[in-house]
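Novice: Right, I'll just put the structure down here and ask away after.
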Amino acid sequence: MATRLRVRQDQKRRLVEEAGGKCANPGCNHWQLHLHHIKHWSIYKSHDPGHMIAVCPTCHNQIHSGGGISDETLYQWKKIPRSCQEEIAGHMYVEPSAEIRVLTGSMCVTTSNAEGAVFTLSNSNKFSFKISGDGDIFLANCTIKDLSGAYLLRMFDGYFKVKRDDAIKITHRPGKLRVISLDAKKYLPGWTMNRLGYAAPDIVHNNLATVFELEVVRPGVVRLQGVFVAKDAVLAITIDKIVLLRPEVNGPVSLVGSGEKTEIRLSGPIGMAAFGL
């Protein structure tokens, strides 16, 4: 029986680049990839890149299970001219529910309006959400920029784009997105480093910063964590508290509730945020 040799790293890189750094399916934006042998290994015993393609696990399963993706379609996908995308794209799905809320530290934010803002640091650093459908669909919206004004994350009604950068680590599974800065000194104002390391060590430590984390914990309910910056203010949201920092204030100001029973209900103007600095 023939031994299946591993695909060489340069071949993997070539196939991923050929697909544009994402699934080769033009109708799919997943970037976690498998390599598929269009000419099956079991028959041809070859890792010829001309007959291989980079696809996501879901599309790979569709190919093997007769999901309507033919070899002809795969070769058509391989012919599409692409360059590696500068952003990684995806979608956060939240199971519908009559209960819509955002868990922030040891309290939660909900709204009586069709939409509400959790925090606004500036016009370019904010997180809000909308309630759609019959009042049971959660749609997240967010923009995060670094201190230079460059976008790190954009999210519109649950669809997100994250900057592709060696200094940023992105992990995504259904129901959870996390963006980590691998060089916090380039993301955070210098005056915050020691303060945040003390006040929010689970968010900032060893020059790493959790820029953004959103996780679906049950239908209609998501947990928000991360550290969000402006030139003159920083907001850190951890698993158990909210930390506010300003350069002119000695030490952090922490907000701690008693769990979901501590509820911030937004009922004023739509533009009003639960936390604004």
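Novice: Need pairs with beta-carbon distance below 6 Å; first residue under 15 Å from Lys130 (Cβ atoms) and within region 148-162, second assigned to a loop (DSSP other than H, G, I, E, B) and at pLDDT below 95; sequence gap 6+ or separate chains.
Specialist: Gly158/Met92
Novice: Then there is this: Within 19 Å of the chain's Cα centre (by Cα) and under 15 Å from Gln76 (Cβ atoms): does that describe Cys56?
Specialist: For Cys56, the condition - within 19 Å of the chain's Cα centre (by Cα) and under 15 Å from Gln76 (Cβ atoms) - is not met.
Novice: Can you go through Ala98, Ala117, Ala24 and tell me which one is under 30 Å from Val234 (Cα atoms) and among the aliphatic types (A, V, I, L, M)?
Specialist: Ala117
Novice: Looking at region 199-231, which of the residues that are over 21 Å from the mean Cα position of the chain (by Cα) and in contact (Cβ under 8 Å) with a residue 24 or more places away in the chain is farthest from Glu95 (Cα to Cα)?
Specialist: Lys231
Novice: Turning to a different aspect of this structure: hydroxyl-bearing (Ser, Thr, Tyr) and surrounded by fewer than 22 Cβ atoms within 10 Å (Cβ to Cβ): which single residue out of Ser97, Ser181 fits that description?
Specialist: Answer to the selection: Ser97.
Novice: Moving on. Among the residues of region 256-277, which ones are modelled with pLDDT of 85 or more and crowded, with 16+ Cβ neighbours inside 10 Å?
Specialist: Gly257, Ile264
Novice: Tally the residues that are farther than 11 Å from Ile100 by Cα and either touching a helix residue (DSSP H, G or I) at 6+ places or on another chain (Cβ under 9 Å) or β-branched (Val, Ile, Thr) (or both), restricting the search to region 129-146.
Specialist: Residues in region 129-146 being farther than 11 Å from Ile100 by Cα and either touching a helix residue (DSSP H, G or I) at 6+ places or on another chain (Cβ under 9 Å) or β-branched (Val, Ile, Thr) (or both): 3 in total.
Novice: Right, here's the next one. Go through (1) in contact with a Pro (Cβ under 6 Å, 6 or more places away or on another chain); (2) at pLDDT below 90; (3) not acidic (Asp, Glu) and name the single condition Asn194 misses.
Specialist: Unmet for Asn194, out of (1) in contact with a Pro (Cβ under 6 Å, 6 or more places away or on another chain); (2) at pLDDT below 90; (3) not acidic (Asp, Glu): (1).
Novice: Tell me the residue from Lys126, Lys163 that is surrounded by 18 or more Cβ atoms within 10 Å (Cβ to Cβ), of a type in the set (Lys, Arg), within 30 Å of Leu35 (Cβ to Cβ) and touching a strand residue (DSSP E or B) at 6+ places or on another chain (Cβ under 8 Å), please.
Specialist: Result of the check over Lys126, Lys163: Lys163.
Novice: Could you list, in sequence order, all residues of region 8-31 that are surrounded by fewer than 17 Cβ atoms within 10 Å (Cβ to Cβ), out of contact with any His (no Cβ under 8 Å at 6 or more places or on another chain) and not in a loop (DSSP other than H, G, I, E, B)?
Specialist: Those that are surrounded by fewer than 17 Cβ atoms within 10 Å (Cβ to Cβ), out of contact with any His (no Cβ under 8 Å at 6 or more places or on another chain) and not in a loop (DSSP other than H, G, I, E, B): Gln9, Asp10, Arg13, Arg14, Glu17.
Novice: Does region 81-88 include one or more residues that are farther than 23 Å from Ile170 by Cα and either in contact (Cβ under 8 Å) with a residue 24 or more places away in the chain or touching a helix residue (DSSP H, G or I) at 6+ places or on another chain (Cβ under 6 Å) (or both)?
Specialist: no
Novice: So for region 221-242 (the condition being at pLDDT below 95, surrounded by 14 or more Cβ atoms within 10 Å (Cβ to Cβ) and of a type in the set (Phe, Trp, Tyr)), does at least one residue qualify?
Specialist: yes
Novice: Okay, moving on. Pick out the one residue from Gly257, Gly190, Gly175, Gly197 that is of a type outside the set (S, T, N, Q) and at positive phi.
Specialist: One residue alone meets the criteria, Gly175.
Novice: Among the residues of region 9-26, is any under 24 Å from the mean Cα position of the chain (by Cα), within 13 Å of His60 (Cβ to Cβ) and modelled with pLDDT under 90?
Specialist: No: zero hits.
The values are calculated or read from the model by the stated rules, or taken from the named source; none is laboratory data. Everything numeric in this text was worked out from a predicted model, so none of it was measured. Glycine gets a Cβ as well: all are built from the backbone with ideal geometry, and neighbour counts include every protein chain shown.
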